[in-house]
Amino acid sequence: MAPVRLRLPASPVESSLEGRAFVFSAFSVAVLAVVLYGEDYVVPIIALAATAIGHVVSYRERAQKRGIRRQVLLAGLVFAALAYFLADSVGAIFGGVLPQANFAILLVAVTSFDLKTRRNCYSSMWISLAILYLAAVYAWDYPFGVLLALWAICLAGFWAASHLRRMEARVTLPTKAVATALGGALALGIVAFFLIPQANLEPSGPVLVSLPNFVGFRGEMENPALPLIQLSGDPSGATSSVDLHYRGRLGNAPVMYVRTGAPAYWRGLVFDKYENGVWTASKHSYTVLQPYVPPRFLPPAPPNNNGTFVQVFRVMRPLPGVISAAYPIQSLYAPVSALREDAYGTFRTPDVLRPGQTYSVVSYLPNITATELSRDPYVFNPPDENQAYLDRGTLSAEARALAERVTHDHSSNQYELVMALTNYLQQNFQYTQQLGHVPAGRDPIDWFLFDVKQGYCEQFATTEVMLLRSLGIPARLATGYSTGDYNPVLDQAVVRERDAHAWVEVWFANHGWVPVDPSPGFPALAATQFPNHWAAAGIARLIPHLTVGAPMAVLGSLGALAAIPVGVAIALLVTLLWAWARTRRRRTAAARATPGESELLRLYERVQRRLGRRRAPPETPLEYFHGRLPSPLPEGERELLGELTEAVNEGAYAGRWPEPSRVRELSKRLS
Amino acid sequence: MIVGKDHVVRLAAAGLVAGGHVLLQDLPGTGKTMLARALATSVGGTFRRIQCTPDLLPSDITGSSVFNQKDLTFEFVAGPIFANFVLADEVNRATPRTQSALLEAMGEGQVTIEGVTRMLGRPFFVIATQNPAEFHGTYPLPESQLDRFILAAEMGPPTNAEAMEVLARREHGDPIAELRSVVSLPDVIELQEGCLRVVAAPAIRTYIVSLMEAVRSRPEIALPASMRSGVYLQRAAQAWALFQGRDFVLPDDVKLLAVPVLAHRLGMRGRAKASDVLQEVVSALPLPPLRQH
């Protein structure tokens, strides 16, 4: 039986200079994306320079056979890049994306020395696309699309340069048709722009309508970033409060971008003590932690959880040092100088979070559903022995009666009771952001429940907390941000100022603090659900950028970093071997050459360099002699070049190389 | 003698020295026949002309045996092919059968008539002229027969000055009558032998082979150049080098002859012109490295 040979059909040698320029440009675009978005400079820039050299080498040697030594060297370099990648990714606590991108960039750099055929060029293009894909993980804005478009143009350019030129296709642009199409598309786009409601661009209220808010506006107290919370003293928010009597206006500016596998509430500060319309925290203790918080420092995983998901936050405006994140947290990495965990499980830092800062958090997807919660018994004693969770404050008798009445028929279990109250608030009260002030002397809860019957999230949440406490169920106020504009395709949420939110955390015997949201228009049970099955599925966790954290770091500490010196040593050894083999070959070749050959050819090369134009590969020496030079030659030199050309022709095509003395004579005349 | 067509004359002479046969193609009245006659006359030797017509028979070319009633034997009467220079005028007007008889003689250097093989003259040189195939009443030569011509040249239209010159020379008669032979037949044979001694270095062979391969890889070409064409290219380049007073072939010679030697044998797809494609291949094909060791 004849052996079956699996072989790709031969790909033609790529001789199109423009095509190769497009391949290099595509790579440059990809590297630019990594530099801009990944803020990773060293490897991309070195690799870009190497690739430029590689392209020149590949182009000049495209007609030659591939030498075995070079192939071995390139293979060695690929392995070195792999070793570097492994070392880099085990050391990278923040995620494997940049190591992957760097690896792909190094691959392009190495293979750029071997871009012989059209297929090789296409491979380079596809790796560039992969690099762009990786850079997209860090891309937070629309200009990334421009880079993508540039890449596509490079691909089209390469295709045109390579295929069309070969086929001699005459491509002409039907100007009229293109102009009509472009004009039509533009007109359609303008019409569509006006017809489609621009929800995200709408201000939260027309300027005039929101003017009444200005009456009670107390600028010195408003925090533009955490609008609901009044910060005083410690920027970590330890002494902050939520005052129901007023609130600042909320704008549309993005506060942060969140790359996340699941949309969730980004929980910040938690308050448990309510007094005269003001929420404060009763416990001020905290523990100091390192920027990387491994799971062992955090509460155990919730039972029957649905796995974990990763969020990467990118701060867009100066924010107080509160690490907003989905709860419960499995582990987190926040590159700040000091990380503290307060008594409510919120992470803070005394620093201010600056624009551009990122941190990443791994959170559990808790298995909190209506049926699960229905099994939990009533809790009437406060968790952590903290009486504040049951403190009823100055809740009026009317309010208490209302709570009793609403939950009267729904007390078969705690969950049903909580939901009855939540639904009641959601259905009978109106959500508004245009609320006046609480009249002096009136209790804010009574004012909300019985007078205006409308309010914003703090009113709803505060009322629910107090009503639950009046029924003997431990509850507290949680603040932070709602999901924001979540794009499931990009796995990205844009969180704006107006997404600042407040909700309720209710203690359930078997599930701990469960988020509940009484504000109309929000899900009553606010625990993170399964929005994106893929993100929570096991396979996703194999991809490094979805599973930041402990396992990789452990590997790194085990000494996988040793792969770096080993890889470098291998690469060095291979290079040395190659260099040695090359010199040996040169020497033996020089020994075999007829005397005068090397000298003459070297002189010929020198003359070409001096004339400022090298002989093109298809050009014969005679054509070079008659061809155009950058500057006209003086007569003497022209004669010399003529003699040299003749000598080269005689040598190369008649085998009669000149005596070395004759070459020396020519050389002397040159200088 | 021939005004303004030095290059074509040189090509035809190179074909003679290289020991091949030459095909001249162009419109009627551009001087094909005149060139062939002038070449034949200036070399000396016997010259015969075959005017090809559709009713021309193979025996009209090769000759045939005629019954001699005096001594009751068949006597061979040689046809026009038994000459040193044969001008096959308008070869594509002859029927394929006649064409093949002629071309067979060209290929073998001998003819076999009624079982007797007769050698042709030495040197034996055929110049065939051909009108473009679009003209009525023509039988285009098949590719296999085109392949037997070492090179094909086009006369091309004369410039105005050239046309004036032609008219001036013809004012008082045909100047071809005054033409004398300048080389003798032994000279031609010596030149042919000298041509074989011209060196074609390994680099030139590499260059020719890579040229053939480059031509073969062009998608516009349906029928690529045969091995024979490579041999002819080398031989023609040797002859050309000899003309230039060199005893070795330069890549420039190969470049210059690539179109005349190869263009007429290539079968093209679509409307591509063989000479354009060849020109493009030649101008993009890298030379083998100058360094041989």
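Here are a few things to note about the model shown:
- The test for being more than 30 Å from B:ASP187 (Cβ to Cβ), more than 9 Å from chain A (Cβ to nearest Cβ), touching a strand residue (DSSP E or B) at 6+ places or on another chain (Cβ under 7 Å) and in contact (Cβ under 8 Å) with a residue 40 or more places away in the chain does not hold for B:LEU278.
- The numbered conditions (1) surrounded by fewer than 18 Cβ atoms within 10 Å (Cβ to Cβ); (2) out of contact with any helix residue (DSSP H, G or I) (no Cβ under 7 Å at 6 or more places or on another chain); (3) of a type outside the set (D, E, K, R) are all true for A:LEU601 except (1).
- The set of residues in the range A:61-80 that are without any contact (Cβ under 8 Å) to a residue 60 or more places away in the chain and assigned to a helix (DSSP H, G or I) comprises A:ILE68, A:GLN71, A:LEU74, A:ALA75, A:VAL78.
- Checking A:ARG296 against (1) assigned to a loop (DSSP other than H, G, I, E, B); (2) open to solvent by 50 Å² or more (accessible area, probe 1.4 Å), the condition it does not meet: (1)
- When residues of the range B:257-275 are limited to those that are in contact (Cβ under 8 Å) with a residue 40 or more places away in the chain and in a loop (DSSP other than H, G, I, E, B), the one nearest to B:ALA236 (Cα to Cα): B:LEU266
- Residue in the range A:91-110 that is outside any helix (DSSP H, G or I), touching a residue at least 40 places away in the same chain (Cβ under 8 Å) and closer than 30 Å to B:ALA214 by Cα present: no
- Screening A:PRO377 with (1) within 25 Å of A:GLN427 (Cα to Cα); (2) in contact (Cβ under 8 Å) with a residue 12 or more places away in the chain; (3) open to solvent by 50 Å² or more (accessible area, probe 1.4 Å); (4) part of a loop (DSSP other than H, G, I, E, B) gives one miss only, at (1).
- Applying a threshold of 8 Å to beta carbon distances and a minimum spacing of six or more residues, or different chains, the list of pairs starting in the range A:389-408 at a residue that is over 9 Å from A:MET466 (Cβ atoms) and open to solvent by less than 10 Å² (accessible area, probe 1.4 Å) and ending at one that is small (Gly, Ala, Ser) and not in a helix (DSSP H, G or I) reads A:TYR389/A:ALA475.
- A:GLU665 surrounded by fewer than 20 Cβ atoms within 10 Å (Cβ to Cβ) and either within 14 Å of chain B (Cβ to nearest Cβ) or of a type in the set (Lys, Arg) (or both): no
- Number of residues in the range B:174-204 that are outside any helix (DSSP H, G or I) and of a type in the set (Val, Ile, Thr): the value is 4.
- Unmet criterion (only one of (1) outside any helix (DSSP H, G or I); (2) under 24 Å from B:GLY107 (Cβ atoms); (3) assigned by TED's automatic domain parsing to the domain that holds B:VAL277) for B:LEU141: (3)
- Matching option when the condition is farther than 21 Å from B:THR46 by Cβ, free of Cβ contacts under 8 Å to residues at least 24 places away in the same chain and either within 14 Å of chain A (Cβ to nearest Cβ) or surrounded by 12 or more Cβ atoms within 10 Å (Cβ to Cβ) (or both), among B:MET164, B:MET155: B:MET164
- If the condition is being within 22 Å of A:HIS511 (Cα to Cα), part of a strand (DSSP E or B) and acidic (Asp, Glu), then the range A:253-293 contributes no residue at all.
- Filter result for B:GLU171 (without any contact (Cβ under 8 Å) to a residue 24 or more places away in the chain, loosely packed, with under 13 Cβ neighbours inside 10 Å, out of contact with any strand residue (DSSP E or B) (no Cβ under 9 Å at 6 or more places or on another chain) and assigned to a loop (DSSP other than H, G, I, E, B)): yes
- Taking the range B:208-252 as the range and being in a helix (DSSP H, G or I), away from every other protein chain (no Cβ under 14 Å) and of a type in the set (Ser, Thr, Tyr) as the test, the residues that pass are B:SER229, B:TYR232.
- Looking only at the range A:605-641, residues that are part of a helix (DSSP H, G or I), farther than 23 Å from A:VAL56 by Cβ and away from chain B (no Cβ under 14 Å) come to 7 in all.
- Checking the range B:55-63 against the condition returns no match, with no residue being outside any strand (DSSP E or B), closer than 15 Å to B:GLU154 by Cα and touching a helix residue (DSSP H, G or I) at 6+ places or on another chain (Cβ under 8 Å).
- If the condition is being in a strand (DSSP E or B) and surrounded by 15 or more Cβ atoms within 10 Å (Cβ to Cβ), then the range B:77-101 contributes B:ALA78, B:PHE85, B:VAL86, B:LEU87, B:ALA88, B:ASP89.
- Qualifying residue in the range B:268-280 (condition: buried (at least 20 other Cβ atoms within 10 Å of the Cβ), in contact with a Leu (Cβ under 9 Å, 6 or more places away or on another chain) and farther than 25 Å from B:GLY19 by Cα): yes
- Residue among A:ARG296, A:ARG259 that is within 24 Å of A:GLY38 (Cα to Cα) and of a type in the set (Lys, Arg): A:ARG259
- Conditions (1) open to solvent by less than 20 Å² (accessible area, probe 1.4 Å); (2) at pLDDT below 90: number failed by A:ALA109: (2)
- B:THR112 passes every criterion in (1) open to solvent by less than 70 Å² (accessible area, probe 1.4 Å); (2) part of a strand (DSSP E or B) apart from (1).
The values are calculated or read from the model by the stated rules, or taken from the named source; none is laboratory data. Model, not experiment: these values are computed from the prediction. Here Cβ is always computed from backbone atoms with ideal geometry, including for glycine, and neighbour counts include all displayed protein chains. The protein model used for the area step is the full one, side chains on, heavy atoms only, and it has no ligands, DNA or RNA in it. Shrake-Rupley method; radii C 1.70, N 1.55, O 1.52, S 1.80 Å.
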